[in-house]
1. Going by the conditions given, is residue 121 surrounded by 17 or more Cβ atoms within 10 Å (Cβ to Cβ), outside the structural domain of residue 42 (by TED's automatic domain parsing), modelled with pLDDT of 90 or more and under 15 Å from residue 91 (Cβ atoms)?
2. Given the criteria in contact with a helix residue (DSSP H, G or I) (Cβ under 8 Å, 6 or more places away or on another chain), in contact (Cβ under 8 Å) with a residue 60 or more places away in the chain and surrounded by 14 or more Cβ atoms within 10 Å (Cβ to Cβ), does residue 113 qualify?
3. Scan (1) modelled with pLDDT under 85; (2) more than 22 Å from residue 84 (Cα to Cα); (3) surrounded by 14 or more Cβ atoms within 10 Å (Cβ to Cβ) for the single condition residue 173 breaks and write down its number.
4. Quick one: count up the residues across the stretch 131-147 that are outside any helix (DSSP H, G or I), touching a residue at least 40 places away in the same chain (Cβ under 8 Å) and surrounded by 20 or more Cβ atoms within 10 Å (Cβ to Cβ).
5. For the stretch 76-84, check the following and say yes or no: at least one residue is within 12 Å of the chain's Cα centre (by Cα) and in a helix (DSSP H, G or I).
6. Residues being buried (at least 17 other Cβ atoms within 10 Å of the Cβ), modelled with pLDDT under 95 and within 22 Å of residue 137 (Cα to Cα): count how many of those fall in the stretch 56-94.
7. Quick check on my filter: what residues within the stretch 58-68 are out of contact with any helix residue (DSSP H, G or I) (no Cβ under 9 Å at 6 or more places or on another chain) and not in a helix (DSSP H, G or I)?
């Protein structure tokens with residue numbers, strides 16, 4: 001009995017509470033001698049709302065099985081994204097995949113998630129609260145998500161940039177803090 005309790009605790013500790021969102025389901029038909037055989041393909045995004053997110057796709061003859069396979073694939077392919085103040089991106093970035101081209105811009109507090117379709121699911125599961133995103137090019141959910149992940153994997157935290165350049169974090173963030181101070185002075189005036 002103690003062994004099962006220990007395994008349950010290890011599983012809970014190992015896998016934090018994950019949020020999964022179903023982005024889309026496609027029904028595909030294979031024409032055979034007796035008629036059509038239907039299969040389903042699911043696209044799922046999984047995240048912990050604290051900076052980790054992943055996506056996966058799964059195919060099966062039944063919808064629940066396809067969703068389960070996609071969720072397992074998403075859990076295996078999770079990436080960590082550094083967030084500023086736990087609510088937005090550190091800097092603006094573009095991502096490309098095939099015909100998919102997305103532009104992600106950090107936003108001030110209170111902006112919300114301004115993004116459509118599959119990108120919104122990625123940001124909600126990632127834990128981003130303020131972002132402005134635009135999809136240019138394809139509206140195919142697979143390519144949009146892959147382009148979004150290409151952009152998110154290119155996000156760098158100021159700490160890592162400072163370490164690579166051999167500078168202090170204040171030197172890297174100098175412009176941002178000056179802008180924030182200027183905005184505060186203009187708001188008071």
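1. Details: surrounded by 17 or more Cβ atoms within 10 Å (Cβ to Cβ): yes; outside the structural domain of residue 42 (by TED's automatic domain parsing): yes; modelled with pLDDT of 90 or more: yes; under 15 Å from residue 91 (Cβ atoms): no.
So residue 121 fails the test.
2. no
3. Single failed check for residue 173: (2).
4. Result for the stretch 131-147: 1.
5. First pass over the stretch 76-84, keeping only residues within 12 Å of the chain's Cα centre (by Cα): 77-83.
Filter again for in a helix (DSSP H, G or I), leaving none.
No, there is no match, as no residue in the stretch 76-84 is within 12 Å of the chain's Cα centre (by Cα) and in a helix (DSSP H, G or I).
6. Adding up the residues that qualify gives 1.
7. Within the stretch 58-68, 61, 62 qualify.
Residues checked against (1) under 13 Å from the mean Cα position of the chain (by Cα); (2) assigned to a helix (DSSP H, G or I):
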{"position": "70", "(1), (2)": "no, yes"}
{"position": "73", "(1), (2)": "no, yes"}
{"position": "90", "(1), (2)": "no, no"}
{"position": "120", "(1), (2)": "yes, yes"}
{"position": "128", "(1), (2)": "yes, no"}
{"position": "149", "(1), (2)": "yes, yes"}
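The values are calculated or read from the model by the stated rules, or taken from the named source; none is laboratory data. All values reported here derive from a predicted model rather than from experimental measurement. Please note: Cβ atoms are built from the backbone with ideal geometry, for glycine as well, and neighbour counts cover all protein chains shown.
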